[in-house]
Amino acid sequence: SQQGEEDPQALSIQEGENATMNCSYKTSINNLQWYRQNSGRGLVHLILIRSNEREKHSGRLRVTLDTSKKSSSLLITASRAADTASYFCAAVKISSGYALNFGKGTSLLVTP
Amino acid sequence: ETGVTQSPTHLIKTRGQQVTLRCSSQSGHNTVSWYQQALGQGPQFIFQYYREEENGRGNFPPRFSGLQFPNYSSELNVNALELDDSALYLCASSPYMDEQFFGPGTRLTVL
């Protein structure tokens, strides 16, 4: 399975600090996606990085992908209390169907 | 707001009963996927439909079944409910095999 596995499981920081979450997966992929979930509600897509890309930015988000290590990282800069949520990575391999295979996520707490 | 809606929001059933959950996708999204998320876990892929045909299935038994309709709506049916079926059920739609847009979910409790 190309399931994503996030690390750490929980992260607590103060507003203004940067938050880094890591993701590892097992097989070759076509793309890797990051999602955010607030309080057990629906997931919100944050960013998609394709297997031929190494880095991608979107606002305060920076995602890197290292296919040789089968790993990705999500950096949130200048964190805000509103960033408090669970973050999930999902590795996607189109030949295996276009399912999003999620890990258990990283729970981020940003305190004022 | 993703434009994907789900009903009902909450549901309580007893073991052995059957349940139907509904999802309305964004117009033009011909792919819909369903996920089960147990408390404290990540979402687990149940199945996916593309143009009304099942396009992939996760590790769920046949008592989990689905339908997709031409009007961009879909259903998840679960027969013979078990206590472990208690979870948040999420549907997600996509215009193509890319970013998925999730609904708010249906919280199912099986007693």
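If you take the residues in the range B:6-39 that are among the hydroxyl-bearing types (Ser, Thr, Tyr) and in a loop (DSSP other than H, G, I, E, B), which one is modelled with the lowest pLDDT? Here the residue is B:Ser27.
Could you look through the range A:60-112, keep only residues that are of a type in the set (D, E, K, R) and either within 14 Å of another protein chain (Cβ to nearest Cβ) or in a loop (DSSP other than H, G, I, E, B) (or both), and pick out the one that is farthest from A:Gln14 (Cα to Cα)? So, considering only residues that are of a type in the set (D, E, K, R) and either within 14 Å of another protein chain (Cβ to nearest Cβ) or in a loop (DSSP other than H, G, I, E, B) (or both), the one farthest from A:Gln14 (Cα to Cα) is A:Lys93. Reported count of residues in the range A:22-53, each being within 11 Å of chain B (Cβ to nearest Cβ) and of a type in the set (Val, Ile, Thr), is 2. For the range B:80-97, a residue qualifies if it is among the aliphatic types (A, V, I, L, M), closer than 15 Å to A:His45 by Cα and within 11 Å of the chain's Cα centre (by Cα), and the qualifying residues are B:Leu90, B:Ala92. Of the residues making up the range B:40-50, those that are at the interface with chain A (Cβ under 8 Å from one of its Cβ atoms) and either touching a residue at least 24 places away in the same chain (Cβ under 8 Å) or not small (Gly, Ala, Ser) (or both) are B:Gln41, B:Pro43, B:Gln44, B:Phe45, B:Gln48. Of the candidates B:Val32, B:Val19, the single residue that is open to solvent by less than 40 Å² (accessible area, probe 1.4 Å), within 13 Å of chain A (Cβ to nearest Cβ), in contact with a strand residue (DSSP E or B) (Cβ under 9 Å, 6 or more places away or on another chain) and not aromatic (Phe, Trp, Tyr) is B:Val32. Applying the condition of being of a type in the set (Val, Ile, Thr) and in a loop (DSSP other than H, G, I, E, B) to the range A:13-46 and asking which residue is least open to solvent (accessible area, probe 1.4 Å) yields A:Ile29. Reported count of residues in the range B:57-111, each being surrounded by fewer than 22 Cβ atoms within 10 Å (Cβ to Cβ), touching a residue at least 60 places away in the same chain (Cβ under 8 Å), part of a loop (DSSP other than H, G, I, E, B) and touching a Leu at 6+ places or on another chain (Cβ under 9 Å), is 3.
Confirm whether A:Thr84 is farther than 17 Å from A:Arg36 by Cβ and either in contact with a His (Cβ under 9 Å, 6 or more places away or on another chain) or open to solvent by 10 Å² or more (accessible area, probe 1.4 Å) (or both). No, not satisfied. Looking across the range B:40-51, the residues that are in a strand (DSSP E or B) and open to solvent by less than 50 Å² (accessible area, probe 1.4 Å) come down to B:Phe45, B:Ile46, B:Phe47, B:Gln48, B:Tyr49. All told, B:Glu54 meets the bar of being exposed (fewer than 15 other Cβ atoms within 10 Å of the Cβ) and assigned to a strand (DSSP E or B).
The values are calculated or read from the model by the stated rules, or taken from the named source; none is laboratory data. Since the model is a prediction, treat every value here as computed from it, not as a measurement. All Cβ positions, even for glycine, are placed from backbone atoms using ideal geometry, and neighbour counts span all protein chains on display. Ligands, DNA and RNA are stripped out before the accessible areas are found, and what is left, the full protein with its side chains, is counted by its heavy atoms. Shrake-Rupley method; radii C 1.70, N 1.55, O 1.52, S 1.80 Å.
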